[in-house]
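Novice: Just dropping this structure here.
The values are calculated or read from the model by the stated rules, or taken from the named source; none is laboratory data. Note that the coordinates shown come from a computational prediction; the quantities given were computed from them, not determined experimentally. Quick reminder, even Gly has a Cβ in these numbers, built from the backbone with ideal geometry, and neighbours come from all protein chains shown.
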Amino acid sequence: MDSHVRRRLVWSFLSSWISRISSTVIQLVQLPVFLHYWTMPLYGDWLIVSAVPTYLSFSTTGFGTVAGNQMTMMVARDDRAGALHVFQSCWWLIAGLCSALILLLSGALYFLPAARLLGIHNIAEGDTKWIVFYLGVSVLLGQLEQLLQSAYRSVTRYAYGTLVKTLMSLTAFALTLVAVVLHQGPRVTALVYACANVAGTILLALLVKRDIRWIEFGWSHAGAAKMRTMVRPALAFMCFPIGNSLNLAGTQMAINYAMGATSVVIFSAARTVSRAALQMVQMVNSTFEPELTIAFGAGKTDLTRTLHRRACQLALLVALVIVIGLITVGPWFLTHWTSGHVPPSRGLLSILLLVVVFFALWSTSATLMTATNQHQRMAVIYVIATTLTCAVCYFSATWKGLYGAGAALLISELAMNLYVLPNSLRIAQDTFPDFMASLLVYPASLKPAPLLARLRRSRPSLEAE
């Protein structure tokens, strides 16, 4: 692994870390500001209404990612004409789908009593419809932003694209807070947020056009055949949020049916603590994914294999370190975090942390499959495995209580490990014994140089000419 790859990995990790920090800041700041200027019932209705448009993103989830993978692999092979073909085809495919969805959304809002259906009492019917429309347009435009970020990814500037998107999100949030502070209602607040996102999408498009010379906006290089090739892998990406929903909300419903709402609170609190390790593992995945796409697209099998091994090694190391820490301080944190309302259970927390360790291995290994658009069957298996987990969770909770419910979560993790590892090793042309041995060895070539020394080196070339 040469110095250019290591430097890009450092920048990618930093940009991912900044992005997650900004998301945390938004979540922490939003609630007290809104509650200071709005009443609690009004803010509660706002949360319900603003959550509805997020479901629209499922309709186009994955197209930008699939196109980005194809573009990155093509540019790695110096096929920029092919990458432009993919970019324009995906642009018009997303634009067409979003336009159709906006029309359907407009029709539904015109005929349906949105406020009554959502149980909204503090926002007028007309305002409720406009809020859903404004935020719906904003969510759908986010799919075009994903494609534009993928353009930066294709020229190894994915860290820069992530930082630009993070700044856009913070700006849109800040403008939204300004509207709230100026005592504007939910409808104006939603309009401000939507306008900020529209402006951000236009700005990102202009930046892409300026920075990546071979990118052209138009339809002369688009093709229906290329659009069709993206449909299946893009639809497969929809299975992941469905599986995640089953894994989170589905298991909670199973526990509720088996043991009641109080048990759901205890289980959910312990699981929230355990998922701190999961967040760090996902940062490792997002750091390595672009480089895996580049290496595979360029036909660099040795580099692909090395990146896959090191990503899994780092993810397991991060997971184990955080798991050990959480086993030690987790019960204490639970007691103080919930002000003693949720009884801490070291046994339940230990089971849930074991689930995270198994998740760390398969989810990081699966990054090689998603990064190369070879994830369709895996996505289906994930939905099947999480569905089975929900069913087993109910019966095991009835039989063994929360310990049984926690142990049931291991089913999907074990199933995914059994499927993902052999297929990822096949893509990387690796063997299981060599892969497992590599997890125990920290090669001298990967000893980290001082971070400041790395960051002071020249930035990655744009490769846009």
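Novice: Can you confirm whether I131 is β-branched (V, I, T), assigned to a helix (DSSP H, G or I) and buried (at least 21 other Cβ atoms within 10 Å of the Cβ)?
Specialist: Yes; evaluated as a whole, the condition is true for this residue.
Novice: Here's a follow-up. For the subset of the range 298-319 comprising residues that are β-branched (V, I, T) and over 20 Å from L278 (Cβ atoms), which member is nearest to the chain's Cα centre (by Cα)?
Specialist: Going through the qualifying residues, I end up with T304.
Novice: Out of everything in the range 387-433 that is more than 17 Å from L361 (Cα to Cα) and among the β-branched types (V, I, T), what residue ends up being surrounded by the most Cβ atoms within 10 Å (Cβ to Cβ)?
Specialist: T389
Okay, residues lined up against (1) within 16 Å of the chain's Cα centre (by Cα); (2) farther than 18 Å from I131 by Cα; (3) free of Cβ contacts under 8 Å to residues at least 40 places away in the same chain:
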| site | (1), (2), (3) |
| --- | --- |
| F34 | no, no, no |
| Y37 | no, yes, no |
| G62 | yes, yes, no |
| Q70 | no, yes, no |
| M74 | no, yes, no |
| R77 | no, yes, no |
| H85 | no, yes, no |
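Novice: Just give me the residues in the range 359-395 being aromatic (F, W, Y) and under 16 Å from A276 (Cβ atoms), in sequence order.
Specialist: F359
Novice: Among the listed residues A95, A100, A114, identify the single one that is out of contact with any strand residue (DSSP E or B) (no Cβ under 7 Å at 6 or more places or on another chain) and either among the polar types (S, T, N, Q) or crowded, with 21+ Cβ neighbours inside 10 Å (or both).
Specialist: Sole residue among the options that is out of contact with any strand residue (DSSP E or B) (no Cβ under 7 Å at 6 or more places or on another chain) and either among the polar types (S, T, N, Q) or crowded, with 21+ Cβ neighbours inside 10 Å (or both): A114.
Per-residue answers, yes or no, for (1) at pLDDT 85 or above; (2) hydroxyl-bearing (S, T, Y); (3) on the phi > 0 side of the Ramachandran plot:
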{"site": "A258", "(1), (2), (3)": "yes, no, no"}
{"site": "S274", "(1), (2), (3)": "no, yes, no"}
{"site": "Q282", "(1), (2), (3)": "no, no, no"}
{"site": "I294", "(1), (2), (3)": "yes, no, no"}
{"site": "H308", "(1), (2), (3)": "yes, no, no"}
{"site": "L314", "(1), (2), (3)": "yes, no, no"}
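Novice: Only one of S22, S3 is surrounded by fewer than 18 Cβ atoms within 10 Å (Cβ to Cβ) and closer than 30 Å to H183 by Cβ; which?
Specialist: S22
Novice: Looking at (1) in a helix (DSSP H, G or I); (2) free of Cβ contacts under 8 Å to residues at least 60 places away in the same chain; (3) surrounded by fewer than 20 Cβ atoms within 10 Å (Cβ to Cβ), find the lone condition where Q374 falls short.
Specialist: Unmet condition: (1).
Novice: Across the range 101-125, what is the total count of residues that are assigned to a helix (DSSP H, G or I), in contact with a helix residue (DSSP H, G or I) (Cβ under 9 Å, 6 or more places away or on another chain) and more than 17 Å from A194 (Cα to Cα)?
Specialist: Looking only at that region, the number is 8.
Novice: Next question, about the same structure. Filter the range 298-340 down to the residues that are in contact (Cβ under 8 Å) with a residue 60 or more places away in the chain and not in a helix (DSSP H, G or I) and list them by number.
Specialist: A298, G299, T338
Novice: Let me ask you something else. So which helices (runs of 4 or more DSSP H) stay within the range 378-457 end to end and still have 2 or more residues that are modelled with pLDDT of 90 or more and within 30 Å of R232 (Cα to Cα)?
Specialist: In the range 378-457, the matching helices (runs of 4 or more DSSP H) lie at 410-427.
Novice: With the requirement that a residue be at pLDDT below 80, of a type in the set (V, I, T) and either buried (at least 17 other Cβ atoms within 10 Å of the Cβ) or more than 15 Å from A190 (Cα to Cα) (or both), what does the range 26-76 give you?
Specialist: V52, T60, T61
Novice: May I ask you to say which residue of L207, L203 is under 20 Å from V75 (Cα atoms), surrounded by 13 or more Cβ atoms within 10 Å (Cβ to Cβ) and modelled with pLDDT of 80 or more?
Specialist: Exactly one of L207, L203 is under 20 Å from V75 (Cα atoms), surrounded by 13 or more Cβ atoms within 10 Å (Cβ to Cβ) and modelled with pLDDT of 80 or more, namely L207.
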